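Enquirer: Here it is: the structure, laid out below.
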Amino acid sequence: MPSFVSRYPLLAGVASLLLTTPTLAQKAPQTDSLNIRRLYDEALLRGESYENLRHLTGQIGGRLAGSPQAQQAVDWTKVTMEKLGLDRVYLQEVMVPHWVRGAKEKGQIRAAKGKGVDVPVCALGGSVGTGGKLRAQVIEVQSLDELAALPEEKVKGKFVFFNRPMNPTYVETGKAYGEAGDQRRAGASAAAKRGAVGALVRSLSLAHDDFPHTGTMRYEDNVAKVPAAALSTNGADRLSQLLKADKSLTFELEMACQTLPDVKSYNVIGEIKGSKYPDEIITVGGHLDSWDLGQGAHDDGTGCVQSMEVLRLLKATGLKPERTVRAVMFMNEENGNRGGIKYAELAKAANEKHLAAMESDGGGFTPRGFALETTNPATVTRIQQWSSLFAPYGSGDFVVGHGGTDIGPLKDQAKVLIGYDCDSQRYFDIHHTAADTFDKVNRRELELGGASMAALVYLLSKYGL
């Protein structure tokens, strides 16, 4: 600056003004930073996510699609969003599968001599029951490929025990979960093709405990339906250990689960109309259904209350969105994704213009950032330019990744699918288990996540894509 002034003294005043007065390009980030601070302050001082989750989990509990609890959740969510004074709150009808677990499952390792060893088990979602007690020998495998390579006589009439653990070397636990999940999803039909009487699957968890993890499985058409159960990781280790000592031991399984006719349910939707571009829609949501073993706290009660909180934060701070913001509580993500499919189907039929869709379905842990799913690299670059605004809150990681299951059907309609990303190291310890309860959720982590989502929605609404 001194050399500039000495050479052009008449311009010194202008230069000083330029250096002290923000340009329009500088003003926008400063304003955005302040507005984002307002969103976080509101969430941390007066956030409602935690208390909403307390009610959803404590007063309603697990919300398997088709259950009375799922309907109670629909009714409560609609009333809760109506109290926010939104421009519109409504239900979107969707037919969902109705699978029921029945009486508590029982599993026991039986040796030729000695007392049986009880093993914590649970039916996988969608499995058929055993029709009483089912007892057979066990063949252990590490993969679907290993099973396919075995001679049929090694498998016929036995339980196939899929015992491949999640890979502990992956820092991103979701990658380990996805990689190991094929045995849960497809194991029963793969076993049936080889003449097995059932499938036993190691729970998808990096923890070593006695909680069996349920989760959806699928039967192939024209393949016999055999029972499929998950063993706790401790139970799986025990079975594997005993098998090494006695190949002739048997396993006894008893499950009373069954699939009933589809029932009517609903997506619950609330929205704030955009002040400038009401026809451009930003969807944010979670799935209202959960598995029935626990309270469905982290999966996905947290995502639902955070999505509702996005709308509340925008209203409470007076940051009226320029584009329409719609919060959707999807039904039936866990065992069918009917809600996500129906939402996308109706959006396409109505010729709606979806700018972006965001989903929170990875738990309510400490925010890290967002995963961006799009075919347009320029869209990723544009959104990543905002990451510095999130850095002070620890949520500035904007990476290319998976958006989410519920919003997946919008892939061809929205410019970008966005997955809210939080710390994942504890998630699969409780995922799909009786341990997924309200007490596992930290208030500050939950409220920070809702604020992070609201901040990105604010920017998308203001600037578009």
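Enquirer: Using mean Cβ contacts within 10 Å as the protection proxy, how do 366-374, 454-462 order, highest first?
Expert: Highest to lowest by the protection proxy: 454-462, 366-374.
Enquirer: Same structure, new question: Looking at the range 355-462 from every direction and averaging, what is the projected area of its Cα convex hull in nm²?
Expert: 6.9
Enquirer: To continue, here is another question. Against the empirical 2.2 N^0.38 Å scaling, what ratio does the C-alpha Rg of the range 93-228 come to?
Expert: Working it through for the range 93-228, the quotient is 1.08.
Enquirer: Divide by every residue of the chain the summed helix terms, -39500 (n - 2.57) for each DSSP H run of at least 4, and state the resulting mean residue ellipticity at 222 nm, rounded to the nearest 500 deg cm²/dmol.
Expert: For the chain, the value works out to -10500 deg cm²/dmol.
Enquirer: Sort 443-450, 297-304, 257-264 for me by packing, meaning the mean count of neighbouring Cβ atoms within 10 Å per residue, highest on top.
Expert: The densest-packed peptide leads the list: 297-304, 443-450, 257-264.
Enquirer: In square angstrom, what is the accessible area per residue of the chain with a 1.4 angstrom probe?
Expert: Result: 43 Å² per residue.
Enquirer: Sort 42-51, 59-68 for me by packing, meaning the mean count of neighbouring Cβ atoms within 10 Å per residue, highest on top.
Expert: In descending order of packing, they fall as 59-68, 42-51.
Enquirer: When the dipole is taken about the Cα centre of the chain, and only Lys, Arg (+1) and Asp, Glu (-1) are charged at their Cβ, what size is it in debye, to the nearest 20?
Expert: 80
Enquirer: Where does the chain land on Rg/Rh, using Cα atoms and the Kirkwood Rh?
Expert: 1.08
Enquirer: Accessible surface of LEU91 in the full protein assembly, 1.4 angstrom probe, to the nearest 10 Å²?
Expert: 60
Enquirer: For the range 114-222, give the magnitude of the charge dipole about the Cα centre (Cβ charges: +1 Lys/Arg, -1 Asp/Glu; no others), in debye to the nearest 20.
Expert: 360
Enquirer: For GLU146 and ASP279 in one chain, what is 0.36 nm times their gap in residues minus the Cα-Cα distance, to one decimal in nm?
Expert: Contour length minus the Cα-Cα distance gives 42.6 nm.
Enquirer: Separation of the range 343-419 and the range 126-172 by C-alpha centroid, Å?
Expert: One Cα centre to the other: 36 Å.
Enquirer: Measure off, as a whole percent, the carbon and sulfur share of the 1.4 Å-probe accessible area of the range 107-165, all protein chains present.
Expert: Summing carbon and sulfur atoms, their accessible area is 50 percent of the total for the range 107-165.
Enquirer: Once you've got the Cα coordinates, tell me which of LYS83/LYS320; LYS78/LYS264; LYS113/LYS193; LYS133/LYS193; LYS342/LYS415; LYS244/LYS440 are over 25 Å apart.
Expert: Among LYS83/LYS320; LYS78/LYS264; LYS113/LYS193; LYS133/LYS193; LYS342/LYS415; LYS244/LYS440, the Cα-Cα distance tops 25 Å for LYS113/LYS193; LYS244/LYS440.
Enquirer: Quick one: pull the percent of accessible area on the range 36-101 belonging to carbon and sulfur, 1.4 Å probe, ligands and nucleic acids left out.
Expert: 47
Enquirer: Expressed as cubic angstrom per residue, what is the convex hull volume of the alpha carbon set of the range 412-457?
Expert: So the per-residue Cα hull volume is 115 Å³.
Enquirer: Given the Cα-Cα distance of VAL171 and GLN385 and 0.36 nm per residue of separation, how much length would full extension add, in nm?
Expert: So the extension gain works out to 74.5 nm.
The values are calculated or read from the model by the stated rules, or taken from the named source; none is laboratory data. Please read all numbers here as calculations on a predicted model, not as lab measurements. Virtual Cβ from ideal backbone geometry, glycine too; neighbours counted across all protein chains shown. To get the accessible areas, we keep the full protein, side chains included, count just its heavy atoms, and leave off ligands, DNA and RNA. Shrake-Rupley method; radii C 1.70, N 1.55, O 1.52, S 1.80 Å.
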